[in-house]
1. Limited to segment 18-35, what total is found for residues that are surrounded by fewer than 14 Cβ atoms within 10 Å (Cβ to Cβ), part of a helix (DSSP H, G or I) and not aromatic (Phe, Trp, Tyr)?
2. Out of segment 170-195, which residues are touching a Lys or Arg at 6+ places or on another chain (Cβ under 9 Å) and at pLDDT 80 or above?
3. Can you find, within segment 71-89, the residue that is nearest to residue 160 (Cα to Cα) among those that are hydrophobic (A, V, I, L, M, F, W, C) and either at pLDDT 80 or above or in a loop (DSSP other than H, G, I, E, B) (or both)?
4. Keeping to segment 240-260, report how many residues are open to solvent by 40 Å² or more (accessible area, probe 1.4 Å), modelled with pLDDT of 90 or more and of a type in the set (Val, Ile, Thr).
5. Need a quick list: helices (runs of 4 or more DSSP H) entirely within segment 112-217 having at least 3 residues that are under 17 Å from the mean Cα position of the chain (by Cα).
6. Could you check segment 36-60 and list, in sequence order, the residues that are crowded, with 18+ Cβ neighbours inside 10 Å and farther than 29 Å from residue 164 by Cβ?
7. Spot the failing condition for residue 198; the list is (1) surrounded by 15 or more Cβ atoms within 10 Å (Cβ to Cβ); (2) among the aliphatic types (A, V, I, L, M); (3) more than 25 Å from residue 156 (Cα to Cα), and only one is missed.
8. Which condition from (1) within 13 Å of residue 214 (Cα to Cα); (2) open to solvent by less than 10 Å² (accessible area, probe 1.4 Å) is the one that residue 113 breaks?
Amino acid sequence: MAWSGHVGRRAGSALGQVGDLFVIVLEGLRRTWDIRHWWWEFVDQCWFLARVTSVPVLLVSLPLGATVALQVGELAWQLGAGSATGSAVFVGLIREVAPLASALLIAGAGGSAMTSDIGARHIRDELSAMEVMSVNPIHRLVTPRMWAASTVAVCLCPLVILAGASGGYFFNVVVQGVTPGAYFDGALSLVVASDLYVTLFKAWIFGFIAAGVACYKGMTCAASPVGVGRAVNQSTVVTFMLVFTFNYVISAVYFLAYPPRSL
């Protein structure tokens with residue numbers, strides 16, 4: 001009975017945290033129209049996120065594209081369809097890798113900084129001081145960060161696709177000897193415009209998730225430096241879990257609505 005009571009309390013605490021997260025996110029979106037109060041903070045956050053994620057996302061995507069080309073290329077050569085490697089690389093990059101890589105970089109590099117920044121404001125009672133001055137800290141701090149994270153996540157997707165395609169091109173064309181025409185012809189044979197639209201939509205949603213979780217953890221962390229450090233770790237882990245869950249749901253719905261094309 002004691003064990004079941006402990007499980008019930010933990011489940012109730014988890015549900016309460018989910019409710020608090022939704023409250024902060026929805027409250028942040030409620031005053032989105034009042035852009036003049038958060039525009040410059042939005043610009044600062046966009047510049048910061050772009051600065052800390054653009055180079056790492058390129059360094060991650062280059063070997064990732066080469067790895068996909070290596071794994072798929074070896075199998076394609078065994079089946080006598082080496083030119084199909086370009087299709088696999090581009091389809092994988094556009095449909096799955098681009099939004100996930102941008103979201104994970106936003107969460108790891110940008111989200112951790114958001115959590116530590118807001119957490120530091122929390123333990124210094126700056127958030128309470130803003131409320132005393134009739135300034136809603138969610139509207140002033142959370143709203144611009146969510147929109148900045150979603151905007152930068154969308155902008156990172158083309159970088160991931162370009163870098164990954166370059167890595168795949170090097171391995172497939174330079175190493176394996178496939179002609180460039182066959183590589184790009186295979187790449188364009190399976191990709192449709194809706195794939196790109198869904199990818200950008202995923203990145204937009206994932207950016208909101210990363211920023212919302214980061215801000216929530218920062219605003220509710222324990223009032224100590226150790227609490228801020230734990231909040232940073234928790235925000236990254238929770239964001240990864242939510243991103244992969246939402247990615248599965250969105251992909252499943254998309255494939256049901258638009259079945260994949262065949263060669």
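1. To start, the set of residues in segment 18-35 that are surrounded by fewer than 14 Cβ atoms within 10 Å (Cβ to Cβ) comprises 18-20, 22-23, 26, 30, 32-35.
Among the residues that remain, those that are also part of a helix (DSSP H, G or I) are: 18-20, 22-23, 26, 30, 35.
Next, only the ones that are not aromatic (Phe, Trp, Tyr) stay: 18-20, 23, 26, 30, 35.
Selection size over segment 18-35: 7.
2. Filtering segment 170-195 for residues touching a Lys or Arg at 6+ places or on another chain (Cβ under 9 Å) gives 189-192, 195.
Correct list: 195 only.
3. In the first step, residues of segment 71-89 are kept if they are hydrophobic (A, V, I, L, M, F, W, C); the result is 72, 75-77, 79, 81, 84, 88-89.
Narrowing the set further to residues that are either at pLDDT 80 or above or in a loop (DSSP other than H, G, I, E, B) (or both) leaves 79, 81.
On the way: 79: 28, 81: 25 Å.
Ranking the qualifying residues of segment 71-89, first place goes to 81.
4. 2
5. Details: elements: 112-123, 126-132, 143-169, 180-190.
Passing ranges, in order: 112-123, 143-169.
6. The answer is 38, and nothing else.
7. If we test residue 198 against (1) surrounded by 15 or more Cβ atoms within 10 Å (Cβ to Cβ); (2) among the aliphatic types (A, V, I, L, M); (3) more than 25 Å from residue 156 (Cα to Cα), just (3) comes out false.
8. Looking at each condition in turn, residue 113 falls short on (2).
The values are calculated or read from the model by the stated rules, or taken from the named source; none is laboratory data. Just so it is clear, the structure is predicted and the values come from calculations on it, not from any experiment. All Cβ positions, glycine included, derive from the backbone under ideal geometry; neighbour counts span all protein chains shown. Areas reflect the complete protein model, heavy atoms only, side chains present, ligands, DNA and RNA absent. Shrake-Rupley method; radii C 1.70, N 1.55, O 1.52, S 1.80 Å.
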